[in-house]
Structure formats: structure tokens, C-alpha cells
1. Residues that are touching a residue at least 40 places away in the same chain (Cβ under 8 Å) and within 16 Å of the chain's Cα centre (by Cα): list the helices (runs of 4 or more DSSP H) wholly contained in segment B:154-211 that include at least 2 such residues.
2. All but one of (1) out of contact with any His (no Cβ under 8 Å at 6 or more places or on another chain); (2) in contact (Cβ under 8 Å) with a residue 12 or more places away in the chain; (3) surrounded by 15 or more Cβ atoms within 10 Å (Cβ to Cβ) hold for B:Y56; which doesn't?
3. I need every pair where a residue in segment A:31-42 that is more than 9 Å from every other protein chain (Cβ to nearest Cβ) has its Cβ under 9 Å from the Cβ of a residue that is of a type in the set (F, W, Y) and surrounded by 11 or more Cβ atoms within 10 Å (Cβ to Cβ), sequence separation at least 6 or different chains.
4. Among the residues of segment A:2-12, is there at least one that is surrounded by 10 or more Cβ atoms within 10 Å (Cβ to Cβ), facing another protein chain (nearest Cβ under 10 Å), closer than 30 Å to B:L152 by Cα and modelled with pLDDT of 80 or more?
5. Do we have any residue at all in segment B:169-191 that's closer than 21 Å to B:L52 by Cα, within 14 Å of another protein chain (Cβ to nearest Cβ), polar (S, T, N, Q) and surrounded by 14 or more Cβ atoms within 10 Å (Cβ to Cβ)?
6. Select from segment B:72-90 the residues that are facing chain A (nearest Cβ under 8 Å) and either of a type in the set (S, T, Y) or surrounded by fewer than 20 Cβ atoms within 10 Å (Cβ to Cβ) (or both) and list them in ascending order.
7. Looking at segment B:29-43, which of its residues are without any contact (Cβ under 8 Å) to a residue 60 or more places away in the chain and not small (G, A, S)?
8. Listed residues B:R106, B:R95; which is modelled with pLDDT of 95 or more, within 21 Å of B:T186 (Cβ to Cβ) and surrounded by fewer than 19 Cβ atoms within 10 Å (Cβ to Cβ)?
Amino acid sequence: MPDTQPDNKVTLEALLRLKRHEKPAPEFWESFDRELHQKMLHTLVRKDPLVIRWIRSLYKRLYIVVPSAAAAVITLVIALQGDVVQKTLHLANASTLEVASKRSGFTKSVQGMYGANKTFVTNALGYSHTSSEGSQASALRVVSSDKVNYVVNTLGQSSNIASIAQGGVLF
Amino acid sequence: MSFAKSISDTLGTTEVVAACDRDLDWAIVQKVQAGDVKAFDKLIQKYRERLLSIIYNLTSNHEDAADLSQEVFIKAFRSINRFGGKSAFFTWLYRIAVNTTYTYIRKSRFKRYFSLQNMDDESLSSSEVLEHLSTQSSSGKYAVASELQEKLNEALQTLSIKHRTVVILFEIEGLSHQEIAQVTNTSEGTVRSRLHYAKQQLQAYLQDYLN
């Protein structure tokens, strides 16, 4: 017998295997099953707290939102880079390049100061060496009016096309 | 039939039974995942005794073992959709049981030593092992067995929880080293090492009773 040694000594393995015979009475299982089913029913019916549900729904949405957002950002960056090259080439051909700040009513005042056929590069923080006073631009766009082009970006101070292009954020 | 026989010859009867058992469990799990809640009862009926035994032997506490077993089934039920069938259902269930018990033991440090249920006479007479426990009369045999049980429970409680787990799963529940490694999320080498150390400790503790 593997459980005992030849001299009839009790082995540890035999003793441990005895524990397989430890069983609760049948009535124990009746109450066990009843309680378990009650708890399971409670689990099915019970709703998680609002915070838990919100976190769970957020967690599920992340699977959709994150890849979509990443794809959108990549597309935007690629589009912007193409536009930057195009605008840089266009602006490089301009005869005069000056930097001014974008502010309310800026177009008219600049036109008055510099006249037509000028290109102005403006940054979002609005500081430029040709403007006595900086202001914040609220939008990213080309302001074109009567042959006057203004390049507006949202980066920091830029005084020429090269620095704006380096900033990488142009419309 | 010949196909089944050839499989049986190749793998061995035990492996074939285990594979069929695993497939059967997986079929039930898929039913539950599809929304058949009642199918989970079959899994409860099948594993409740073994689960209770594992948890009881880990905790040595009858009432807590029952509560924890219920908690384990509820956890398994709630996360059944995450079970992908890569491992056997019972190893997945046992892992939940072991982790839940570890958490419980960490929270409540006190330990009690009493047996779950006295062995009934039928079990005693059907056990081949018990025939060799003592050459005394029936009542004497019972007394020796009970005393040894108590001592064994004490000895088990002297082990660390990880060593105790390995001993219980291997010697009492009859799991293989590989299955224990899956349940405890360790390597088979670690399982063997822990088992060897644990048995040495138990031998030392029960020296007077075993010799």
C-alpha cells in the first residue's frame, strides 16, 4: 500500500488524504445553496453605485474614443504639415515680410500703416517686433483683406516665417 | 469507438476523462455567458464540495469557509464573461478561491482550529487508509483518527499560506504540479519546492504521531 509503510506506520500522505473524507452534513448544503442563490439574485438585481457605473462606461468608451482621437490628431498633423509647406513657399515669395500682432481692428490699422501688397505674420501671443503693443489672437487663420495677408498662429513669439514654420502650428 | 480507444491509448484514461470534463465545463460556461443563468447551478453543484474543502483547509474555519465559498461562486459568476476557456474552468475557479482566501486571511489574522465535520463511520469504513491507522478497536480507531486530524490541522496552520496551499491542492485535492502552478500563478519548480519544504515541516511537527 502506498499509504503506509510496511511496518504499519502512518505516513503523512495517508494522514493528509484522510482529510478528503471530511464532509459537511447534507443539511449544510441545503442552507448553503439557499444562501448562495439569494446572494446571486441580489447580485443580479443590485445596481452598482453611480460612480462605478460611470467609470465602467468611461472605460468602455476609451476603447473607441482613444483610437479615433489618435487617428484624428494624426490626420490633422499631416494636413497641417502639408499646409505649412504650401504657406511657407507662398510667403517666401512675398517681397516684404513683417511681423505684427493680431488684435481687434488690426487689419485696417495695418493697412493704413503699411498699405497693400504686404504680408504680415502674426503669432497668437501677439508679440512681434513691429508692433508696439502685443495682443492675443483668438483664431488661427489667414486674414486676407485687400491684398494684405496676415499669417496668424497660436504659438509663442515669432518674428519671421522660419520661426513660425519651426513652431509647426499653422493653419 | 476505435477513434476514442486510440485517443484513450495515446493519452491515457485519466487524461481523456480530464479533457472531456474540461470540455463539458466549457460548454456550461458558454451557456452561462450566453445568458443561461441556471446553467451556472451545474457548476456550483459540481465544485462546491471541493471548493469548500480547499477554503476550509486554508482557513480552518467552518463558517468563514462557507461564506468565502459563496463569495467565490458569486465572483466567478460576475466575471464569467472574462473566462475565455484557455485553462480548465476549475483551475480558474480555484484561483479565485485561493486569492479570495488570501485576502480574507490577510484581513483577519486570527485562526481557529477545529474540524469541519467529524468523519462519519461510513467514510471511515470505506477508507483503505484508515485500516492502517490503527490496529485498535473501532472506537479506538476513531479516537486516534480524530486526534491525528486535530494535530494535522494544527500542523497545517503552522505553515505559511503559500506552502499550505500547495500541500492542500496536491495531497488533499489531488491536483497535478502543473495545475497547482496555474492556480497559484507560479512555476512548477516553485510548486515542487514548496511542496517539499512544506512536507518536511509537517513531518517534523507530527513526528511523534507518525513514528
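The values are calculated or read from the model by the stated rules, or taken from the named source; none is laboratory data. All values reported here derive from a predicted model rather than from experimental measurement. All Cβ positions, even for glycine, are placed from backbone atoms using ideal geometry, and neighbour counts span all protein chains on display.
1. Values: elements: B:161-167, B:177-184, B:188-205, B:207-210.
Once the helices (runs of 4 or more DSSP H) in segment B:154-211 are filtered for at least 2 residues that are touching a residue at least 40 places away in the same chain (Cβ under 8 Å) and within 16 Å of the chain's Cα centre (by Cα), what remains is B:161-167, B:177-184.
2. The failed condition is (1).
3. Qualifying pairs under 9 Å: none.
4. Checked segment A:2-12: at least one residue is surrounded by 10 or more Cβ atoms within 10 Å (Cβ to Cβ), facing another protein chain (nearest Cβ under 10 Å), closer than 30 Å to B:L152 by Cα and modelled with pLDDT of 80 or more.
5. No, every residue in segment B:169-191 fails to be closer than 21 Å to B:L52 by Cα, within 14 Å of another protein chain (Cβ to nearest Cβ), polar (S, T, N, Q) and surrounded by 14 or more Cβ atoms within 10 Å (Cβ to Cβ).
6. So in segment B:72-90, the residues facing chain A (nearest Cβ under 8 Å) come out as B:73-74, B:77-78.
Result: B:I74, B:F77, B:R78.
7. First pass over segment B:29-43, keeping only residues without any contact (Cβ under 8 Å) to a residue 60 or more places away in the chain: B:30-43.
Those that are without any contact (Cβ under 8 Å) to a residue 60 or more places away in the chain and not small (G, A, S): B:Q30, B:K31, B:V32, B:Q33, B:D36, B:V37, B:K38, B:F40, B:D41, B:K42, B:L43.
8. On the way: B:R106 fails: modelled with pLDDT of 95 or more.
Testing whether each residue is modelled with pLDDT of 95 or more, within 21 Å of B:T186 (Cβ to Cβ) and surrounded by fewer than 19 Cβ atoms within 10 Å (Cβ to Cβ) leaves just B:R95.
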